[in-house]
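Trainee: Below: one structure in structure tokens.
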Amino acid sequence: MADPTLKPVKADTIDVWDHEADVVVAGFGIAGVAASIEAARMGADVLVLERLGGWGGAAAMSGGFIYLGGGTALQHALGFDDSVENMKTFMKAALGPGVDEAKIDLYCEGSVEHFNWLVDAGVEFDESFWGEPGWEPPHGEGLMFSGGENSAPFNTLVAPSPRGHLPRRAIAADAEQAGGFMLMKPLVDTAERLGVRAEYDVRVQSLIVDDDGSVVGVIAKQYGKRVAVRARQGVVLATGSFAYNDAMLRDHVPRILGRPAASIESHDGRAIEMSQAIGAATAHMDAAEVAIFCDPQLLARGILVNMRGQRYIPEDTYASRIAQETLLRQGGDAFLVIDDEAYEAALQSVSTSAVMRGTPAWVCESVEELEAEMGIPAGGLRSTVDLYNRYAESSSDPFLHKKAEWVRPLKTPIGAYDLRGMVGGFTLGGLKTSVDSEVLHVSGEPIPGLYAAGRCTSGVCAGGYASGASLGDGSFFGRRAGISASKQTPRH
């Protein structure tokens, strides 16, 4: 059904401006707060419009990983010698195909400075490292491998370095404030000290344009009332992904339809659609990050097979990479085959993913019995286990190159987890932007007055993912959006 409220509104039809500022930022998550800080530091009067009743968005609800490297102070303190070139090589290999190389180059070259910017704003990181598989460090360690850097095939490209930087958690008497909140709180405090204003319960609807096509404001809804907000220098869109817009999911990434994860319901793609209404280009709208709801400590110790009983990925790699491979190339069908010894070892491991452990769907006395109960054609699983075990006797995996520490023969009794349907995700594609966060028209030219950052844009991820890429990309290019918008000559 057509939505006429998406269409741009002509500025000369606005009789009364309900709010105005030099720079208007839509969204008070990680990209929005970074944009507002930098715009305010440039001397701009900044107004943030937030759809929800308070700041934070998906960022404040997240684990808080920020993907940074190239030799941050935390990496050095923990004995890791990373380089900008190694970071570039990994990101271009792992986050594609079709990555925006100019964005990755800039992001990697500015990563150390960006880490320092966060620290200067009050974000704290523990000088501790977690080196085992897991979605997050179990004790709040400040650094871990968060993208499969130390697993095949990426550990053969460059020396692996951990780049998942996690803000220090705050432990209260009755609750724990996780990394995402502890990332957002000092940034919001910084923005407020700089005089950034915020209006809540405001949902942006459409863009306001001048006669020359420049964006000069937004139309929004606040408490059911239509409001017009004027931007004297620029509008920054930072409203998140389209993971909760079913129509857009059907058009672009139907495999995650009905499977939202790590997103909030306000991620409805509105910023993308209202920008498209004035000719904005998009990129990688079919890309998605996917999570698999299984403890990585279990995954690393077993073997993952498809409906034919075949292995298809090294099980010790980044769990999201496993999920993407499962959903996007195995039709969502996966089983984790594991024996009693490996199962018990995983249960005894320290992991924040313990809630994802559960129990195997089948436990059998032989591989033949197990494959029959799983519905795998006779011999399919048997041949896979036999081949795996042949090389596992010497802790080797010549086919998929799982690290030796996780390779040992599977014995009986043997069981399997049914992981079909155990995946969920969020979208990675969005508005096409320049390295200075200008929203690009389909002609390739920047749309005057319009900037964007975060998950409503196509950032450093074009297909693959690493935990922390969204918060890192959103904050880094959010800063550039705020700077770019505040450099524009004010309209009077």
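Conditions (1) of a type in the set (S, T, N, Q); (2) buried (at least 16 other Cβ atoms within 10 Å of the Cβ); (3) within 23 Å of ASN155 (Cβ to Cβ); (4) not assigned by TED's automatic domain parsing to the domain that holds PHE65, marked per residue:
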position	(1), (2), (3), (4)
ASN306	yes, yes, no, yes
ILE313	no, yes, yes, yes
ARG321	no, yes, yes, yes
THR326	yes, yes, yes, yes
GLY331	no, no, no, yes
GLU365	no, no, no, yes
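Trainee: State which residue is farthest from SER351 (Cα to Cα) when the search covers only the stretch 268-304 and only residues that are part of a strand (DSSP E or B) and modelled with pLDDT of 95 or more. Walk me through it before giving the result.
Mentor: Restricting attention to the stretch 268-304, the residues satisfying the condition of being part of a strand (DSSP E or B) are 280, 282-283, 288-292, 303-304.
When the remaining residues are screened for being modelled with pLDDT of 95 or more, the result is 280, 282-283, 303-304.
Numbers: ALA280: 44, THR282: 38, ALA283: 36, ILE303: 19, LEU304: 20 Å.
So the residue we want is ALA280.
Trainee: Further question on the same structure: With the structure loaded, tell me whether ARG163 is among the charged types (D, E, K, R), surrounded by fewer than 21 Cβ atoms within 10 Å (Cβ to Cβ) and not assigned by TED's automatic domain parsing to the domain that holds ALA346 or whether it fails that test. Steps first, please.
Mentor: Numbers: among the charged types (D, E, K, R): yes; surrounded by fewer than 21 Cβ atoms within 10 Å (Cβ to Cβ): no; not assigned by TED's automatic domain parsing to the domain that holds ALA346: yes.
Spelling it out, it is not the case that ARG163 is among the charged types (D, E, K, R), surrounded by fewer than 21 Cβ atoms within 10 Å (Cβ to Cβ) and not assigned by TED's automatic domain parsing to the domain that holds ALA346.
Trainee: Within the bounds of the stretch 295-317, is there any residue that is within 24 Å of LEU428 (Cα to Cα) and of a type in the set (Lys, Arg)?
Mentor: No, there is no match, as no residue in the stretch 295-317 is within 24 Å of LEU428 (Cα to Cα) and of a type in the set (Lys, Arg).
Trainee: On to the next question. Given the structure, is GLY147 at pLDDT 95 or above, under 14 Å from GLY472 (Cα atoms) and assigned to a loop (DSSP other than H, G, I, E, B)? First the steps, then the outcome.
Mentor: Working: at pLDDT 95 or above: yes; under 14 Å from GLY472 (Cα atoms): yes; assigned to a loop (DSSP other than H, G, I, E, B): yes.
In short, yes.
Trainee: With the condition being at pLDDT 95 or above and either small (Gly, Ala, Ser) or crowded, with 22+ Cβ neighbours inside 10 Å (or both), I'd like the helices (runs of 4 or more DSSP H) fully within the stretch 36-112 carrying at least 1 qualifying residues.
Mentor: Working: elements: 57-61, 73-77, 84-94, 101-109.
Hits in the stretch 36-112: 73-77, 84-94, 101-109.
Trainee: Mind telling me which of the residues GLY430, GLY424, GLY379, GLY375 ends up being at pLDDT 95 or above and crowded, with 21+ Cβ neighbours inside 10 Å?
Mentor: Working: GLY424 fails: at pLDDT 95 or above; GLY379 fails: crowded, with 21+ Cβ neighbours inside 10 Å; GLY375 fails: crowded, with 21+ Cβ neighbours inside 10 Å.
When all the criteria are applied, what remains is GLY430.
Trainee: Only one residue in SER146, SER111, SER151 is touching a Ser or Thr at 6+ places or on another chain (Cβ under 9 Å) and over 17 Å from THR72 (Cβ atoms). Which one?
Mentor: SER151
Trainee: Quick check on TYR417: is it without any contact (Cβ under 8 Å) to a residue 60 or more places away in the chain, among the hydroxyl-bearing types (Ser, Thr, Tyr), surrounded by 14 or more Cβ atoms within 10 Å (Cβ to Cβ) and assigned by TED's automatic domain parsing to the domain that holds GLU373?
Mentor: Numbers: without any contact (Cβ under 8 Å) to a residue 60 or more places away in the chain: no; among the hydroxyl-bearing types (Ser, Thr, Tyr): yes; surrounded by 14 or more Cβ atoms within 10 Å (Cβ to Cβ): yes; assigned by TED's automatic domain parsing to the domain that holds GLU373: yes.
For TYR417, the condition - without any contact (Cβ under 8 Å) to a residue 60 or more places away in the chain, among the hydroxyl-bearing types (Ser, Thr, Tyr), surrounded by 14 or more Cβ atoms within 10 Å (Cβ to Cβ) and assigned by TED's automatic domain parsing to the domain that holds GLU373 - is not met.
Trainee: Is there a residue being in a strand (DSSP E or B), crowded, with 24+ Cβ neighbours inside 10 Å and at positive phi anywhere in the stretch 449-458?
Mentor: Here is the first cut: in the stretch 449-458, the residues in a strand (DSSP E or B) are 449-452, 457.
Checking which are crowded, with 24+ Cβ neighbours inside 10 Å leaves us with 449-452, 457.
If we keep only those that are at positive phi as well, we get 449.
Yes.
Trainee: Please enumerate the residues belonging to the stretch 121-151 that are of a type outside the set (Gly, Ala, Ser) and within 13 Å of PRO167 (Cα to Cα).
Mentor: Within the stretch 121-151, VAL123, GLU124, PHE125, ASP126, GLU127, PHE129, GLU136, PRO137, HIS139, GLU141, LEU143, MET144 qualify.
Trainee: Can you tell which of GLY240, GLY195 is assigned by TED's automatic domain parsing to the domain that holds SER458, surrounded by fewer than 19 Cβ atoms within 10 Å (Cβ to Cβ) and in a loop (DSSP other than H, G, I, E, B)? Talk me through it step by step, then tell me what you get.
Mentor: Numbers: GLY240 fails: surrounded by fewer than 19 Cβ atoms within 10 Å (Cβ to Cβ).
Among GLY240, GLY195, only GLY195 is assigned by TED's automatic domain parsing to the domain that holds SER458, surrounded by fewer than 19 Cβ atoms within 10 Å (Cβ to Cβ) and in a loop (DSSP other than H, G, I, E, B).
Trainee: Identify all residues within the stretch 204-213 that are surrounded by fewer than 20 Cβ atoms within 10 Å (Cβ to Cβ) and more than 11 Å from SER275 (Cα to Cα); write none if there are none. Full working, then the answer.
Mentor: We begin by selecting, within the stretch 204-213, every residue surrounded by fewer than 20 Cβ atoms within 10 Å (Cβ to Cβ); these are 205, 210-213.
Once the filter is applied, which keeps residues that are surrounded by fewer than 20 Cβ atoms within 10 Å (Cβ to Cβ) and more than 11 Å from SER275 (Cα to Cα), the stretch 204-213 yields ASP210, ASP211, ASP212, GLY213.
Trainee: Which one of the conditions (1) surrounded by 21 or more Cβ atoms within 10 Å (Cβ to Cβ); (2) without any contact (Cβ under 8 Å) to a residue 60 or more places away in the chain does ARG168 fail to meet, given that it meets all the rest?
Mentor: Going through the list (1) surrounded by 21 or more Cβ atoms within 10 Å (Cβ to Cβ); (2) without any contact (Cβ under 8 Å) to a residue 60 or more places away in the chain, ARG168 breaks only (1).
The values are calculated or read from the model by the stated rules, or taken from the named source; none is laboratory data. Quick caveat, the model's predicted, so the values are computed rather than measured. Quick reminder, even Gly has a Cβ in these numbers, built from the backbone with ideal geometry, and neighbours come from all protein chains shown.
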